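Here's the structure, in structure tokens; my notes come after.
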Amino acid sequence: MKRLLTLLLVAAVLLSLVPLSAVSSVLVQHRVALPLVQGGKGFEPKYLQSPGWDPTVKARLNEMFDLYGKGSRTYNENDRPYAVFDFDNTTSILDVEEILIIYQVDHLRFAIHPDEMYEVLCTGVPNPETPMPNWKTQTGVPLSVSTVAHDAANAYKVLYDAGYVSIDGVDAATRAIYQATDEWKDFSSKIRWLYEAINDSYSADVGYPWITYLFTGMTPAQVNDLATDSHVYNFELSKDPAQWKSVAMALPSDGYVSLAGPLPISYKNGTTISPELKELYAALDYNGIDVWINSASYIDVIEAIAYQPEIFGLVGVDGVVAMTNKLVGGVYDNAYDYDLHPQTQAVGKSLTIDKIIRPLYHNRGPILGAMDSQGDFNFCTEYADTAVGLILNRQRSDDIAMLSAAAIYQKNHNVTVAQAVAAGDTLYLLQGRNENGGWLLPQPESINLGKTSAALFSAKGQQWYDQLVAGTSIRDLINHNTRLGAAYIGYKTRVQTQHLKSPGWDPTVKARLNEMFDLYGKASPSYTHDTRPYAVFDFDNTTSILDVEEILIIYQVDHLRFAIHPDEMYEVLCTGVPNPETPMPNWKTQTGVPLSVSTVAHDAANAYKVLYDAGYVSIDGVDAATRAIYQATDEWKDFSSKIRWLYEAINDSYSADVGYPWITYLFTGMTPAQVNDLATDSHVYNFELSKDPAQWKSVAMALPSDGYVSLAGPLPISYKNGTTISPELKELYAALDYNGIDVWINSASYIDVIEAIAYQPEIFGLVGVDGVVAMTNKLVGGVYDNAYDYDLHPQTQAVGKSLTIDKIIRPLYHNRGPILGAMDSQGDFNFCTEYADTAVGLILNRQRSDDIAMLSAAAIYQKNHNVTVAQAVAAGDTLYLLQGRNENGGWLLPQPESINLGKTSAALFSAKGQQWYDQLVAGTSIRNLINHNTRLGAAYIGYKTR
């Protein structure tokens, strides 16, 4: 049932990727495991509730919390997602820095000496003496920045000399005196006029920093204090809806003499942060999604709000990047600090994310970008990782109009976040607001300042919407129509390959896997989400070091966690074994008599009945004290040792299609959830135990006393203790996921045993699993039967792994094979050699003598000839990579040689591997070596033929 719910959750994603028939097939076969996209254990997401949200915006943001927040089964605390917000007109309604200029000139809070004011006002302006055609005197003469700056500087000198200018401001009575003077009126109106004129007449990289130079001479703390005072004053004032209006600035009297004369100018009054935006910040924080502000306002102006939640109520800000000037002697200079990061406007916002923020998040881009205007267009469209773009609607005619049109088009087609991401798009959301009072509206339409009716689009926005309706894709609309032209790097193209860095990798293996990411990952020019590649991993002894299911048998018998009735145990233990009464020549009593499966199964079943009747057997296990009691009995020792003995004997004496499913029949009578719980408990216990290198050893199982009577007598047997997933394999899974390469596990272990690790990254740290196919028995009445489910797929061992890929996985990827196959032994040989699409084969070296020995030989031959992935693929080969490890402690070694359990020295090949290597050196091709020497003979379809 869990996996059925899982598939229903991801059905929308699948529908956008593959034909309906293929999806239906997977849904019907509901025991194919795909990862949950929501509902992490023990965590209840916090959803948006406020009535001011547009219902679609609210629903999709809440969906985003499910998909990416810490309630998601794929959430990893060490790889947290993050959101990036613009501030002015996005987080806030209207502009906190523009209103701060008014507050600053109202209070004359400056640290600039009068002799420096003219220079400060002309800083960064190219040719400030050149008249600006659109900005004129009242008699129609074009004005230059220089002329108006002279006027402002002259008036400022009078005010400064009179003692009215102060960093901390003066009392209200003094303020009333100077605000009545012509000098103050000329100074204040011309500062505002210069701000408007420069931003209109010059590029943004001139206009945006210009306003910040008014903080010249102040310390960061002084700017923060000024900003705090302005915010407190204006947020309080803005609680009165009547304050939200355009205000004309006072002008000097007719007799006042200046170069430019009086220059009428106004500003937009009112600013606040809506309850809904505060709620969104808090919900992101609660749901484990970090929040950054990326603002074209000044750093201290934004930090004054962001880092004082006790005053302004904005909770959950993890960082701020914003415009910042150089510090000289502890005070700000009138020079932008490009050594810190680019200007945080336009593409500079993306470049600053790349420099400052992305390195903190494994080079991932933001999952959410929040915006209002052209300056936010780059960072809200360029990142491949961005799932949602939130637009605060201002009916813009710039490039944000395209995104607004996309939002309404997606809304009208009921596109979800999951569907947009699956289609390779960002889901854009358009949120309305009322600027006449400062609140959100539960609709996409907004009422702009001074207007009385709501509107959805500018004329430009309607034009773009009509193009989408006519069939233009969002990608093409943006890429072909942005006003940025060739300077725009492209929709969802800003992605940086995440490379492997861990020192445990063999250097060649690391380099070639990183090359694979460059060639096939989402930073590759040829990458598309719709045709994204995928990798397939074996699990035991490949993803894990040693075998998680073998160690689970030990855990299961140690804890007697079974659901099998004693009357059925003998039948279960003989399930699938041909002629179980026939003795196995290599498996004998201590006196040398060959034993049959039937004989030993009778002993195990008899001992199990005694334990069961005594109340020791339980699906959930018993307490430690009770466990100590039964583990001292001869019955438990006989049962546990003979279960292990049967596992070894059956796998040695019969074919893999008998031995591999046999172990899974021990789950008979359990529900999938019960097997998952058993497996989780085993993995947690054994992974923790295996942190001690001394635990990695061969352990002899306890045997019953000499007086204990059984058909076979005591049968000495041991098992390999220790299991873990190395940091390097976790890194590889995460890097594949980040680089846009899907990851599937194809295991001969049981489905719930692997799922328990694959879909609990919060416990086991394995991130990025997109699906699991593994051994699965039939469900009868909701519990597992002792019968393999061939209706679902073949056994996932040997050629069955390839056949299962063909049936379950390939249809999801336009029938392509995997680009990477990861393996350790014969059971993986087929799927790691047969696919024409496979570029890389990763071998975890166990010095095998089976067919994997040929691939190990190929790996070293290719390594010694410096063959790259690109060269191997061009030659029609797979590039094989041999990775060493130490089984005595469970870690990788930065070399191809491995140290096997119980050994003290590393080795490269088995004798068979050396034989195959010598043939390659003698001139045999990899293709001929494999095709002519595989132990599979005529049953093998051929190297790279599938």
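Could you tell me how many degrees, from 0 to 90 and to the nearest 10, lie between the Cα long axis of helix 220-237 and the main elongation axis, the longest principal axis, of the Cα atoms of the chain?
Approximately 80 degrees, to the nearest ten.
For the chain, find the longest principal axis of its Cα atoms and tell me its angle to the long axis of helix 911-921, 0 to 90°, nearest 10.
60 degrees
Leaving out ligands and nucleic acids, and using a 1.4 Å probe, what accessible area per residue does region 37-117 come to in Å²?
33 Å²
Identify the GluC sites (Glu not before Pro) of region 97-190 meeting these criteria: DSSP loop state and at most 13 other C-beta atoms within 10 Å of the C-beta.
Glu129
Could you give the angle, 0 to 90 degrees to the nearest 10, between helix 145-161's Cα long axis and the longest principal axis of the Cα atoms of the chain?
Between helix and principal axis, roughly 80 degrees.
Could you list which residues have their amide H under 5 Å from that of Ala335, counting only those 5 or more apart in sequence or on another chain, with H placed in the peptide plane?
Lys326
If I take every Cα pair under 8 Å that is 6 or more residues apart in region 337-408, average their sequence separation and divide by the length, what percent do I get for the relative contact order?
Computed over region 337-408, the figure is 27 percent.
Quick query: amide H of Leu449 versus all other amide H atoms, modeled in the peptide plane; which residues come in under 5 Å with a sequence gap of 5 or more or a different chain?
Correct list: Glu435.
Count of lysine pairs in region 548-722 with Cα atoms under 19 Å apart, counting only pairs 8 or more residues apart in sequence or on different chains?
Going through region 548-722 pair by pair, I get 8.
When you count, for each residue, the other Cβ atoms within 10 Å and take the mean per peptide, how do 919-925, 193-199, 750-756, 121-127 rank with the highest first?
Listed from highest to lowest mean packing, they are 750-756, 193-199, 121-127, 919-925.
Among DSSP bridges having both ends in the chain, what percentage is antiparallel? Round to the nearest 5.
On the way: 29 of 76 bridges.
Counting DSSP beta bridges with both partners in the chain, the antiparallel share is about 40 percent.
Could you give each residue of region 319-326 its phi-based ³J(HN,Hα) in whole Hz, using Karplus coefficients 6.51, -1.76, 1.60 with θ = phi - 60°, and x for Gly or Pro?
Karplus-based 3J(HN,Hα) across region 319-326 equals x, 10, 10, 6, 4, 9, 9, 5 Hz.
Kindly rank 102-109, 74-81 from highest to lowest mean number of other beta carbons found within 10 Å of each residue.
My ranking of the peptides, most packed first, is 102-109, 74-81.
For region 132-197 and region 214-247, what is the separation of their C-alpha centers, rounded to whole Å?
Distance between centres, Cα-based: 19 Å.
With all protein chains present, calculate the accessible area of Lys245 using a 1.4 Å probe and round the result to the nearest 10 Å².
Accessible area of Lys245: about 90 Å².
From the phi of every residue in region 520-531, what ³J(HN,Hα) in whole Hz does the Karplus formula 6.51 cos²θ - 1.76 cosθ + 1.60 yield, where θ is phi - 60° and glycine or proline is x?
Per-residue couplings from phi come out as 10, x, 6, 7, 6, x, 8, 6, 9, 5, 5, 10 Hz.
May I ask you to evaluate 6.51 cos²θ - 1.76 cosθ + 1.60, the Karplus curve with θ = phi - 60°, for each residue of region 671-676 and list the ³J(HN,Hα) values in order in whole Hz, giving x for glycine and proline?
Running phi through 6.51 cos²θ - 1.76 cosθ + 1.60 with θ = phi - 60° gives 7, x, 5, 5, 5, 4 Hz.
Counting only C-alpha contacts under 8 Å and six or more residues apart, can you give the relative contact order of region 548-722 as a whole percent?
31 percent.
How high is the relative contact order of the chain, given as a whole-number percent (alpha carbon pairs under 8 Å, six or more residues apart)?
11 percent
Using amide H atoms built in the peptide plane, which far-off residues or other-chain residues are under 5 Å from Lys697 H to H?
Asn721
Quick one: which of 769-779, 83-93 comes out on top by average Cβ neighbours within 10 Å, and what's the full order, highest first?
Highest to lowest by the protection proxy: 83-93, 769-779.
Taking all protein chains as present, what is the carbon and sulfur share of the accessible area of the chain, in % to the nearest whole number, probe 1.4 Å? Display every interim value, and only then the final one.
Values: 17760 of 34000 Å².
Carbon and sulfur together cover 52 percent of it.
How much mean residue ellipticity at 222 nm does the chain get from its helices, if each DSSP H run of length 4 or more adds -39500 (n - 2.57) and you divide by all residues, to the nearest 500 deg cm²/dmol?
Values: 36 runs with 377 residues, N = 946.
Taking each H run of at least 4 residues, the total per residue is -12000 deg cm²/dmol.
Extending each Cα 7 Å along its Cβ direction at Asn479 and Asp398, get the distance between those two points in nm, one decimal.
Reported label-point gap for Asn479 and Asp398 is 2.4 nm.
Let me spell out the model: positive unit charges on the Cβ of Lys and Arg, negative unit charges on the Cβ of Asp and Glu, origin at the Cα centre of the chain. What dipole size does that give, in debye rounded to 20?
Dipole about the Cα centre, nearest 20: 1920 debye.
Using the beta-carbon distance between Val232 and Trp439 and R0 = 22 Å, what value does 1/(1 + (r/R0)^6) give for FRET efficiency, to the nearest 0.05? Spell out each step's value before the answer.
On the way: r = 20 Å, r/R0 = 0.89.
It comes to 0.65.
Using a simple spin-label model with points 7 Å from Cα along the Cα→Cβ vector, what separation in nm is obtained for Asp200 and Ala628?
The two pseudo-label positions are separated by 8.7 nm.
Report the gain in length on full extension from Leu936 to Ala221: 0.36 nm times residue separation, minus Cα-Cα distance, nm rounded to one decimal.
Here the segment from Leu936 to Ala221 would lengthen by 249.9 nm.
Expressed in nm to one decimal, what extension gain is obtained for the pair Glu571 and Lys691 from 0.36 nm per residue of sequence separation less their Cα-Cα distance?
Values: separation 120, 0.36 × 120 = 43.20 nm, distance 3.80 nm.
Fully extending the segment from Glu571 to Lys691 adds 39.4 nm.
The values are calculated or read from the model by the stated rules, or taken from the named source; none is laboratory data. The shown structure was predicted, so the numbers you read here are calculated from the model rather than taken from an experiment. We place every Cβ from the backbone using ideal geometry, glycine too, and count neighbours over all the protein chains shown. Side chains are part of the model used for accessible areas, which takes the heavy atoms of the whole protein and leaves out ligands, DNA and RNA. Shrake-Rupley method; radii C 1.70, N 1.55, O 1.52, S 1.80 Å.
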